[in-house]
Each structure stands twice: as C-alpha cells, then as structure tokens.
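Trainee: I'd like to ask some things about the structure below.
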Amino acid sequence: MTELTFHVLLALGNSKAHGYAIGKDVQERSGGRLDPTTGALYQVLKRLADEGLIRSAAPPMGEGVDPRRKYFQLTPAGREAAAAEIERLEGLVATGRQRRLHRARLR
Amino acid sequence: MSRPSAERVIAWLVRRHPRPFVDTYGAAITETFRHRAIDARAGGRIRAAFFFVREVAGLLRSAVVEHGRAVPFAPAHGLRELRHAQRRLWASKLFTVATVGTLGLALGASATVFTLLHRIVLAPLPYPESIRLVDLDHAAPGVGISSDLGLSIGLYQEYAQLPSVESIAMYYVGERTIRTGTSTDAANAEFLHTTPSLGTVLGVRPAIGRWFVEAEGQPGGQKSVVLTHGFWQRRFGGAPTVIGRTLHVDGVAHEIVGVLPAGFAFPDKRVEFLAPLALPLRATRAAGFNYRGIARLAPGVGVDATTAEQNAVIADLPRRFQGDPEIESGLLRSSRLAAIPQPFVDRVVGDIRGTLWVLLAATAVVLLMAAANLTNLFFVRAEGRSRDVILRRALGAGRGSMAAYYAAEAVLVATLGGGLALAMAHAAVTLLTAGDMIGLPRLSEVRVDRTVVLFTALTATLTALLLACAPIAHAWLTGRDAAHLRQRATTGGRATMRLRRSLIAVQVALALVLLASAGLLVRSFAYLVRADPGFRTENRLVFRIGLPGSAFRDRAAAARWHDATIERLRPIPGVTNVATTSTLPLTLDGQKDPIEVFGRPPVSDTLPVVRFLRVSPNLFETLHIPLRRGRLFNVAEVRGVADGVLVNEALVRLYFPSEDPVGARIRPIGTEGDRWLTIAGVVADTATLRVQEPEPVAKLYVPLGGALWADVPSPHEMTYVVHTDGAPLSVVPQVRELLRASNPELALAGVERFTDVEARSRAGLSFAMILISLAAIVALVLGVVGVYAVVTYSVSQRRVEMAVRLAVGAAPHALTRMMVAQGATPILAGVVIGLGVVGIAAPSLRALLFGVSAYDPATCAVAALALMLVALGACWVPARRAARLSPVDSLRG
C-alpha cells in the first residue's frame, strides 16, 4: 500500500469526507510532504472504490448541498485494510527500535 | 490566466478521461480544483501559476493512465516499460545519440524531399477545382515542333465554342517599361497580357478593387491594369488608395483597377502586373501561334474528350478559315498541326517531377541503410542483455511482456528520430524557399504540412517496427535454454550471425546503387562543365532594352536607335566591344519557322524549323563565334540596302547537305512577293536554350537594320552584350546614366553577367547531382560503419578461439587474412546484388544524364571496386587489432 493510499484511508477513518477535505487532511497530516494533485487524488479514490475499500456517501446532515461535491466513507473492508497496514508498520517500527536504528532522544 | 479560463482548461482535461470516469468523478474533480485554486491564489501569483501547471500535468497523467486501464488486453507493462526504456537509453547516451541522430538525419532527408514532391508535384494547384484546368498546346511534327507551339487567336475563338470547354483564356508574358509618377523611376517589369476571361477560368478575384470587364478586352477598350500583391507592396507601399491611380506602361497611362491576393503567381511569380489583351472580334487566319492558352473543362469532361474536339476543329480549318494563305498554300496541312492539351499542373511542374521522384528514391535507400545499421546496433544491444532476458523469461515473463521490453527502446528512438526529422525538414524547407536557389516551380506553396507530418510518423513507425523485430528475433533465436547462461559465447549464435551478415550484404548493395548513380551524375556534370556552348561568356555584361511601339512606329527607327546606342556605349572606359541580338543564347527559344530555298521545292514533307535572329554586325566578334565560310555582313547589308544574311552550320546540314550555301537565296516560308535573302556566310553552331543540347539548332542571322520587310524578329526589343576588360558589372552605372540621358522613358532589364546566365542553364543537373552525391556519401559512411561494427563484434566474440590459435603458433597475419576473408563473403554478395539493381534502375536516371550512358560499365566498375576496397578495409582494421592482442589476456577475458 502506498503512503498516499494509507493517508486517504486515515482521512476517512473518523467520518465521511469530500475530495477537497481529504486532500487538505493528507497535506496537513504529512506536514506538507504529501501534496497530491487533484488528478492523482481522484485516481487513488477511484482505485480504492474499485477495490471496495471505500464507497460513495450521502452528504452529512446540516451541510449546504453542493450537488457537485462527492462524499466518500470507509467500508468494513477498508477499515480492515487500514488496520492491517497499521499493524505492519508497528511491526517494522518495533524491529527498528530493537536494532537501535531509531534516533536517540535527549530526555 | 483568469479564473474562468483556468476552469475551462481543467474542465476540458477532465473530459479527456474515459466516459465512465468523467460521469462518476468529473463534477467532483472540477469542484475540488476550484477550492484548491482559491487556496493557491491566496499564496500569490507565482504559487497560483505553479499550482495550475501541476494540476494540468496531473490530469494529463491521470487521463493517460485511466485510458490505459480502460483498454482491454492492453499490455499491462506498456507505460512502465517506456519509463524503464527511457532510463536505459539515458544511461547509454552514446548509443542513444548515435541511433537517434542517424535515424533523424535519414528520416529528415526523406521528409524534406517528400515535402517538395508533395507540395510541388502531388498537391493540386491553388485554384478551385484545379483538376479541370488544361494547358492548350499544339504540336506541328511536320515542321519539327513536337510541343510548345502555343495557341493562335483563330483557334482560341473556335475552341471557346466547344462543349467540352466551360471557359477559356489566352495570354502571354511580356516585358514593358513602367513608371508610376515622375520620369526618374522608370523600370522594366514583367507583365501578363491576358483576356479578361482568365478571372473566370482560374476562379480568382482581386483582394482590392475589381477584375477586368469584357469591354476592356475589345479593341479600343479602356486602358487598365491589375497589380500583383508583391508589386503593390513594393511600388505603392501597400496603400489601399492605389485604386484609381495611374501606371504608365510604355509611356501610355493605364488606370489601376485592382490588386490580386497575396500568393497569386500565374503563370509564375515573375509577373508583376496584368493588362487586358484586346482581340479582334473575328480572326482571319488560323495560325499566329504567339500566345498560350488555358481552359477550364466542363464538369465530368476529360482531357481526351477535349483533345478529340480540338483536333476535329483543326481538321475543319479549311472550311472555317477560307482565304487563309497558310491553309491555301498547304503549309498548315504539311505541318500536321495537332492539339495536345495537358493538365495545367503538368505544365507548371515541368521536368522537376522526374528529378524529385529520383531524389525520393535516393533518400529511401539512405533510410533503408540507416535502418539496417540501426538494426545491427540493436542486435548488439540485445546480445548484451541476453542474461537479463533469459532470467525474465525463466521467472515467467510472457511473450507480450518481452515484446514490450524490446519494443520500448525502438519506439522511443523512432519517436525522437521522427521529431528530429521534422525539425530538420522544416529548417531545410525554410532555407530552400527563402533562397530560391534552384528555381523550383510553386516554391511559395512549399511548407511542412499535416501530410508531411503523417508521412514522417508513418516512416518512423515502420522503422520502429523493424528495429523492434531485431531483438525480438534474437530472443526467439536464443530460446529459453538456461544452459546458455553458462555457455561461453564462441560464435555468438549462428542464426543471429547469418542474419547480420545478410544485413551487411543489403547495406553494401544499397550503397553501390547510390555510389554508381552519383558517379554517373558527376561524369555528366563534368561533361556539362566542359561542354562548349560555342561562344564566350566571361567578362560580358548583358541587359535588355525594349523600345515602345508608341514612340518607335517602324522597324527602321528602332534599328537606328540601337545602332546609335551601340556607338554611345563603345567609348565607356573598360568597354572593349558592344553588340546586340534579338535573342540571347541560353535564354529564349526565339522566333522559329521553316524556310524555303529559291529554285527548289521542299525535299520532303518534313520542313526543318530555323530560328531567326536579328543581330548587330559585330555580335560574332563580341561572342567569339567563328566564321566558317564566306564573309560577315558588309556595309550595304548593315544599312539595309542589300539583303544578305548569315546562317549556321546546322542550317547548312539541313538544307544544303551537299552544296556550298554561300550565294543561295532563302526566305521564311509563306513570304509573298519576289524578295529573297542571300546567304553571305556560314558561322559556327551555338547553344540555344541549354548547354547540354543533343543537337545544335539551325539559325539564320539578319543584320540589325536589314531585311526589315521579312517576317523575322523586330528590332524593338534587343539584348545587349557588352564585352569589358574587367568586372562586367562595374560599367553598369555609366550604361544606366547614358541611357537615361538619351531617353528617360526607357530602362534596362535583366542586367547581369553572361556567366550567371550560363550557370543557371546548368543548374538543374547540379541540384540533382549534389543531392544524390550527398546521399551516396552518407550511404558509404553508413555501409562502412555497419561492416566495421559487425566485424568488430564478430572478432570480439571469437576472442577465445583466436587466442587459442595464436597460442598454438598461428601467425597474426594469417589470422587477419582469415577474418577478412570471412567478412568478404557478404560484401561480395552485396556488390553482385547491387550491380543487378543498378542495371534495373538505370533507365530512371537517363533524363538527368548528359554525355554518358546510364549503363556505363566503367562508372559501375569503379564504384564497385571503391566500395569493396573500403568495406574490406573496414574488416581488416578490427581483425588486425584482434590478431595483435596477447593470447594470455584474451583467454583471461
């Protein structure tokens, strides 16, 4: 799973969101390191939808309805995939710490 | 870029994605972009611009990827293989530059010649339905005229009634002295004298003002002119108020009524303005072929149909032109006059058609050689990747995947080569059209257009396929055998080597074809350069002076004026001699007709045609044309009191093959009354239109002021030849000054060195010779490089074998001889094949050759020998180098 894909799943972890909000979330959480173009972002969204990890959603209650906005939410399979990726990363981090590859921090 | 424009661009890019993607995500993408753009603008213009560029690139990429995913069975690795191939080519810069450069040059040469061929020969003329336009020409084989006789007023008026002819026009190109305002700016200009119907025939309308009306084509009609666009720009500064202004033509005021659109060049770009040709209401004679004709055929009518109708008119001429003396005397019948109309585009294109097709064939040969060379290089590259390939196949890569792996580099090389070729073709065409160095017809229409781009893309694609086949064939021949990985390469794969030796033979054959062709052209050119035109041209200035009929009513006055002008020009410092002639050699054909000889009927039905020239008495001295028999003009003949003339040797061979012509009486055929011209002397033959004429043309010379009663050229328009001590152009200012002082209404035309006139007459052959010779040199280099590359590779593959032979005592020179002998087989095969192709292709070169046969054995033998020596040398160098290596180092590898 690519880093961008994982961040998109994270952005949808708490609630449904539209494309603009997902992109902003990815950019802020990665500290500006990930800044996908609109085309790249929607390619990822389409692929995740085709693989059944996300699906289209109705707009949240209370928001002004802009018919062009498309909302997405995680599917159960998507939650599973995100959880599996988190476990994989945790395992890698643990291995790295074991081999003293992490940066030493001054207490 | 404004916000609405940016969103329009993004919306357009979104629509470039597959339909299902656009339906599902299109609106959302546009909405997301709008919000992100607002954020970007808040960061300033530069950030906004950078953001926009990134967004466009991102959407382009996603469109390509989504389309790739949408195509069923598309190679899954296509784009990825291209990226990997790009990295591999970038890593091998020398290979990439060599292959792209070679292919680009070869494709560029083909694209350039194709551009010329397409725009000059194949593209229709720039008139509506130009396929219906025909040139109205006639032949008179009975008097030795096979074409280019032209049209007469009588036949023009008859043809206008034919059902096959929708509209018809008649014209000729002449030269007149013009003046726009004050008398100080008199100049000579080429003009088109045409019936007003030309506008209907060509379907052309002026950009400003109007075309001629029918009334202006009647005798006594209003004097008006229409200007060409270039003339209007040069002489009137492009002022729109030019309509209604006056242009003085030969001292007569003409009203400017229209200006033609830019690009109009009928019959060619030399014409500067047009004037209406006034015809009599009804011609009284059928002959008088002093014009050219053009007709627009009725829809659906072919050239054959109109030819039959026109020849039916000719057969009926005795009934239509009763009382015509040329019909009643039987001259028209014995001339066997026939109509030979042809598509007008053939007249415009002329001889260049054959030359361009030959050049395209030459560039195609060079392209084939380049492709063969590159195929060899790709083979070598594939050999170097053998292990990589076998591993991929062992790990399960399918055929499609392997094909994509091989084809990717070929596609990239061909694409880059094609791009380079188009850039080269554009530059070459710009250079050719700017300089007009070779006088090609329709040059203003030549440009790189969509057809040329398609042609280049097609040839690049075919080349890519050929290049891709090489490594694919190599992979197929190598097979899946993992044992090959362990095998020490000794022969490098026998099947592969056989294929590559065949490529060598093909390259050698093609190189021989080009070398032999270039050799024949070079020999022709050498003959041409040495060919003696029969007169001297160096240190001679030439220019024309035309006397207006309005100021010089009779021939005697015109002749006296030219006599006086010659005397005025003689004392100019630096001038050795001054003469004048009605037709300068190597420029025009001039007036021509058969002659009759006093006291005898014509010896056969075929009456040979003679060119008539009016010349000042010292022309022969000025041009160094020797006298062969009799004498030159005497005083009485120069003054017009006696009717003596001179003839050339060709006329004597035709009319007096076994008797002394001096004293014989002759005259142009059809002359009435009892006046005859007496032959006073015979001068040597001279070239007429081109230096490389197969046979000298018969000529009759009349003195400047003599035989004014005869139907020979009038002295109104004469060309001067000024023989100078030094540079001919140095006397031009004094000549102009003297002429202006004598008559300010007159102007010099065509002022140039006679050597330049002579050089132009040889130019056509030079163009073909230079280009084919260049192609031959490139082919030779490609062939040698190809042979060298194959032998070098073969030697490197046999390193171990050679080391073992050296170690057991073989002499280095014996090894070298062995390698060279093995390399010689495909070279000899190529030479034999090449000689066969030369024999088949030779007739296509015949039109370009002069003084040498297309099957000349000496040229072919020299070309074959030279090629063999050079190719064997390319074998010898790497073989000798390998034989001198240390056996120990070779075995160590």
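The values are calculated or read from the model by the stated rules, or taken from the named source; none is laboratory data. Note that the structure is predicted; figures quoted are calculated from it, not measured. Counting neighbours? That spans all protein chains shown, and the Cβs are built from the backbone with ideal geometry, glycine included. Ligands, DNA and RNA are excluded from the accessible area calculation, which covers all protein heavy atoms including side chains. Shrake-Rupley method; radii C 1.70, N 1.55, O 1.52, S 1.80 Å.
Trainee: Summing -39500 (n - 2.57) over the DSSP H runs of n ≥ 4 in chain B and dividing by its residue number, what mean residue ellipticity at 222 nm do you reach, to the nearest 500 deg cm²/dmol? If you can, show how the numbers build up before the last one.
Mentor: Values: 30 runs with 459 residues, N = 893.
So the helix-based figure for chain B works out to -17000 deg cm²/dmol.
Trainee: While we're looking at this one, here's another question. Please report, in debye to the nearest 20, how large the charge dipole of the stretch B:576-731 is about its Cα centre when each Lys and Arg carries +1 at its beta carbon and each Asp and Glu carries -1 there. Let's see the in-between values first.
Mentor: Details: 14 positive and 18 negative charges, 42 e Å.
Rounded to the nearest 20 debye, it is 200 debye.
Trainee: Next question. Run down the aspartates and glutamates and flag those whose C-alpha is under 12 Å from the C-alpha of A:LYS24, throwing out any fewer than 8 positions away in its chain.
Mentor: Partners found: A:ASP35, B:ASP39.
Trainee: Also, quick follow-up: Give me the dipole magnitude in Debye, nearest 20, for chain B about the Cα centre, with unit charges on the beta carbon: positive for Lys and Arg, negative for Asp and Glu.
Mentor: Numbers: 94 positive and 68 negative charges, 1121 e Å.
For this selection, approximately 5380 debye.
Trainee: Under the definition of partner shielding as Cβ atoms of other protein chains within 10 Å of a residue Cβ, what is the mean value for peptide A:40-49? Don't skip to the answer; put the middle values down first.
Mentor: On the way: counts 8, 5, 13, 10, 1, 4, 8, 1, 0, 2.
Counting other chains' Cβ atoms within 10 Å and averaging over A:40-49 gives 5.
Trainee: Of the heavy-atom accessible surface of the stretch B:700-795 (probe 1.4 angstrom), what whole percent is carbon and sulfur?
Mentor: Details: 2310 of 3520 Å².
Using a 1.4 Å probe with all protein chains present, the stretch B:700-795 comes out at 66 percent carbon and sulfur.
Trainee: A further question follows. To the nearest 100 Å², how much accessible surface do chains A and B hide from each other in total, with a 1.4 Å probe?
Mentor: In total, chains A and B hide about 2000 Å² from solvent.
Trainee: Separate question: Tell me which of B:PRO548, B:LEU133, B:LEU528 sits at the most positive position along the dipole axis of the protein assembly as shown, charges placed on C-beta atoms (Lys, Arg +1; Asp, Glu -1).
Mentor: Selected residue: B:LEU528.
Trainee: Moving on to the next point. Which one of B:CYS469, B:GLN322, B:THR307 has its Cα pushed farthest toward the positive end of the charge dipole of chain B, where Lys and Arg give +1 and Asp and Glu give -1 at the Cβ?
Mentor: B:CYS469
Trainee: What distance in nm separates the two pseudo spin-label positions at B:VAL808 and B:GLU621, each 7 Å out from Cα along the beta-carbon direction?
Mentor: Inter-label distance under the simple model: 9.0 nm.
Trainee: So what does B:HIS229 come to for accessible area, using a 1.4 Å probe and Å² rounded to 10?
Mentor: Surface accessible to solvent at B:HIS229 totals approximately 60 Å².
Trainee: Still on this model: List every DSSP H helix in chain B whose Cα atoms extend 30 Å or more along the helix's own long axis and whose mean Kyte-Doolittle hydropathy is at least 0.5. Walk me through the numbers before you get to the answer.
Mentor: Working: long enough: B:19-42 (34 Å, -0.39); B:45-70 (37 Å, 0.46); B:93-116 (34 Å, 1.46); B:352-384 (48 Å, 1.35); B:399-435 (53 Å, 1.14); B:450-478 (42 Å, 1.48); B:494-530 (54 Å, 1.13); B:763-797 (51 Å, 2.01); B:812-841 (43 Å, 1.36); B:857-883 (38 Å, 1.43).
Helices passing the filter in chain B: B:93-116, B:352-384, B:399-435, B:450-478, B:494-530, B:763-797, B:812-841, B:857-883.
Trainee: One quarter of the convex hull surface, Cα atoms only: what value does that give for chain B in nm²?
Mentor: On the way: hull surface 209.2 nm².
With every direction weighted equally, the projected area is 52.3 nm².
Trainee: Provide the FRET efficiency to the nearest 0.05 for the B:ALA57-B:TRP357 pair, computing r from the beta carbons and using R0 = 51 Å. Before the final figure, lay out each step's value.
Mentor: Working: r = 45 Å, r/R0 = 0.89.
Between B:ALA57 and B:TRP357 the formula returns 0.65.
Trainee: Follow-up. Relative contact order for chain B: what is it in percent, counting Cα pairs under 8 Å that are at least 6 residues apart?
Mentor: Working: 1478 pairs, mean separation 134.5, N = 893.
About 15 percent, as a whole number.
Trainee: I would also like to ask the following. Can you give the Kirkwood hydrodynamic radius of the protein assembly as shown from its Cα pairs, in Å with one decimal? Provide the component values of the computation, followed by the final result.
Mentor: Working: mean 1/r = 0.0276 Å⁻¹.
For the protein assembly as shown, the Kirkwood estimate is 36.2 Å.
Trainee: Check the straight Cα-Cα distances from B:LYS592 and name the aspartates and glutamates below 15 Å, setting aside those fewer than 8 residues away within the same chain.
Mentor: B:ASP148, B:ASP711
Trainee: Sticking with this structure for a sec: Calculate how many DSSP beta bridges within chain B are antiparallel, expressed in % of all such bridges and rounded to the nearest 5. Don't skip to the answer; put the middle values down first.
Mentor: Working: 63 of 81 bridges.
Here the antiparallel bridges make up roughly 80 percent for chain B.
Trainee: Indicate, rounded to the nearest 5 percent, the antiparallel portion of the DSSP beta bridges found entirely in the protein assembly as shown. Please report the intermediate quantities before stating the final value.
Mentor: Numbers: 69 of 87 bridges.
The antiparallel proportion sits near 80 percent.
Trainee: In chain A, which helices (entire DSSP H runs) extend 30 Å or more along their own long axis, judged by Cα positions, while averaging at least -1.0 on the Kyte-Doolittle scale? Provide the component values of the computation, followed by the final result.
Mentor: On the way: long enough: A:76-98 (33 Å, -0.32).
Span-like helices here: A:76-98.
Trainee: To the nearest 20 Debye, how big is the dipole of the protein assembly as shown about its Cα centre, given +1 on the beta carbon of each Lys and Arg and -1 on that of each Asp and Glu? Write out the running numbers ahead of the final one.
Mentor: Numbers: 112 positive and 80 negative charges, 1329 e Å.
So the dipole magnitude of the protein assembly as shown works out to roughly 6380 debye.
Trainee: Here's something else I'd like to know. How high is the FRET efficiency from B:GLU255 to B:VAL877, r the C-beta distance, R0 56 Å, rounded to 0.05?
Mentor: On the way: r = 77 Å, r/R0 = 1.38.
Given R0 = 56 Å and the Cβ-Cβ separation, E is 0.15.
Trainee: May I ask which residue of B:TYR172, B:GLY418, B:GLN222 lies farthest towards the positive end of the charge dipole of chain B, with charges of +1 (Lys, Arg) and -1 (Asp, Glu) on Cβ and the Cα centre as origin?
Mentor: Comparing the listed Cα positions along the dipole, B:GLY418 ranks first.
Trainee: How far is the Cα center of the stretch B:629-687 from the Cα center of the stretch B:715-738, in Å?
Mentor: Here the two parts' Cα centres lie 29 Å apart.
Trainee: Now a separate question. In terms of Cα to Cα distance under 27 Å, which lysines are near enough to B:LYS223, apart from those fewer than 8 places away along the same chain?
Mentor: Partners within reach: B:LYS269.
Trainee: When ligands, DNA and RNA are left out and all protein chains stay put, how many square angstrom of accessible area per residue does the protein assembly as shown have with a 1.4 Å probe? Can you show the working numbers first?
Mentor: Working: 47580 Å² over 1000 residues.
Accessible area per residue: 48 Å².
Trainee: So what's the gap between the Cα centers of the stretch B:8-58 and the stretch B:97-167, to the nearest angstrom?
Mentor: One Cα centre to the other: 53 Å.
Trainee: Taking a temperature of 20 °C and a viscosity of 1.002 mPa s, what whole-number D in µm²/s does Stokes-Einstein yield for the stretch B:819-889 with Rh from Kirkwood over alpha carbon pairs? Could you put the intermediate results ahead of the total?
Mentor: Numbers: Rh = 14.4 Å.
Once the numbers are plugged in, D ends up at 149 µm²/s.
Trainee: Write out the trypsin sites (Lys or Arg not before Pro) in the stretch B:818-893 meeting two conditions: DSSP loop, and at most 16 other Cβ atoms within 10 Å of their Cβ.
Mentor: Numbers: sites: B:ARG846, B:ARG880, B:ARG881, B:ARG884, B:ARG892; in loops: B:ARG884.
Qualifying residues, ordered by number: B:ARG884.
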